[in-house]
Amino acid sequence: MGDSPLYPIMLKLVGKPCTVIGGGKVAARKVRHLLASGAEVKVVSPVLTAELWHFVHEGSIVHIAREYEEGDAIGALLVFAATDHCEVNERVAEEARRCGALINIAHSPEQSDFANPGTVQHGDVHLAVSTGGASPTLTRSILAKLSKLMDDELAQVAEMLLYARKVSHDVLPDTVDRQRAMRHYAEECWRAYECNVTLPKWEDWVMAWLANINK
């Protein structure tokens, strides 16, 4: 990545093939998060941590029990080079790029195509923080501070807004009207959250909103 600006993105990985080269603690952490995102994970390594063996035994990952070989990156959307050998990681990166995959190299953010940011999640609210590879310690410190802002009420705001977005088509078939209503409803929910009062239910709020604009 180096001095290039990063493009922040929340990626849907359900059913997407991802390959992890390596079987240590770093690889285990990558696999854990990939599985939580629904990815199809292949791990290439002659040895595995206890956590990775657990994933193998429960059938959550495909395990190739050998050292990395040319061709292991074929078909993957994301490739993670997480061995203890820089030369192997470099070979993995070269192949991944030839195959059109994005590569993440452990302990080498400047040579990686993407970074795994630090995250904190509460319900549907998911915050991600990156310091551009400068310091994982700084990232953890920022996340610790942000996590204090996360609570059940904030998660409930997100849950109610997600519900409203899903059902809003029923009463607001017009796209412009629906977007305007959702914006006003989100603002109303945020004010209620900030003032620590009861959040407005979508059905009641949208009926009142429609009645007001139709006057």
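I need a count of the residues in the range 171-197 that are within 15 Å of Ala158 (Cβ to Cβ) and open to solvent by 60 Å² or more (accessible area, probe 1.4 Å). Residues meeting the conditions: 4.
Here the range 70-100 is the region considered, the condition is being touching a residue at least 60 places away in the same chain (Cβ under 8 Å) and either in a loop (DSSP other than H, G, I, E, B) or of a type outside the set (A, V, I, L, M, F, W, C) (or both), and the residue that is surrounded by the most Cβ atoms within 10 Å (Cβ to Cβ) is Ala82.
Criterion first (touching a strand residue (DSSP E or B) at 6+ places or on another chain (Cβ under 7 Å) and among the small types (Gly, Ala, Ser)) does Ala65 satisfy it? I'd like the intermediate steps shown before the answer.
Details: touching a strand residue (DSSP E or B) at 6+ places or on another chain (Cβ under 7 Å): no; among the small types (Gly, Ala, Ser): yes.
Against the criterion (touching a strand residue (DSSP E or B) at 6+ places or on another chain (Cβ under 7 Å) and among the small types (Gly, Ala, Ser)), Ala65 does not qualify.
Among the residues making up the range 5-43, those that are outside any strand (DSSP E or B) and hydroxyl-bearing (Ser, Thr, Tyr) are Tyr7, Ser37. Restricting the first member to the range 164-182 and to residues that are within 17 Å of Leu199 (Cα to Cα), and the second to residues that are open to solvent by 100 Å² or more (accessible area, probe 1.4 Å) and assigned to a helix (DSSP H, G or I), the beta-carbon pairs closer than 9 Å and six or more apart or on different chains are Met182/Arg165. Among the residues making up the range 65-83, those that are more than 19 Å from the chain's Cα centre (by Cα) and farther than 22 Å from Gly132 by Cα are Ala65, Arg66, Glu67, Tyr68, Glu69, Glu70, Gly71, Asp72, Ala73, Ile74, Gly75.
Restricting the search to the range 127-160, which residues are outside any strand (DSSP E or B), open to solvent by less than 40 Å² (accessible area, probe 1.4 Å) and either among the aliphatic types (A, V, I, L, M) or in contact with a strand residue (DSSP E or B) (Cβ under 6 Å, 6 or more places away or on another chain) (or both)?
Here is the first cut: in the range 127-160, the residues outside any strand (DSSP E or B) are 130-160.
Still in the running and open to solvent by less than 40 Å² (accessible area, probe 1.4 Å): 131, 135, 139, 143, 150, 154-155, 157-158, 160.
Scanning the range 127-160 gives Thr139, Leu143, Met150, Leu154, Ala155, Val157, Ala158, Met160.
The set of residues in the range 120-132 that are out of contact with any Gly (no Cβ under 7 Å at 6 or more places or on another chain) and farther than 19 Å from Glu159 by Cα comprises Ser130, Thr131, Gly132. Find the residue count for the range 11-63, including only residues that are in contact with a Leu (Cβ under 8 Å, 6 or more places away or on another chain), touching a residue at least 40 places away in the same chain (Cβ under 8 Å) and either surrounded by fewer than 17 Cβ atoms within 10 Å (Cβ to Cβ) or of a type in the set (Lys, Arg) (or both). Qualifying residue count for the region: 1.
The values are calculated or read from the model by the stated rules, or taken from the named source; none is laboratory data. Fair warning: this is a prediction, and the values are worked out from it, not measured in the lab. Quick reminder, even Gly has a Cβ in these numbers, built from the backbone with ideal geometry, and neighbours come from all protein chains shown. The protein model used for the area step is the full one, side chains on, heavy atoms only, and it has no ligands, DNA or RNA in it. Shrake-Rupley method; radii C 1.70, N 1.55, O 1.52, S 1.80 Å.
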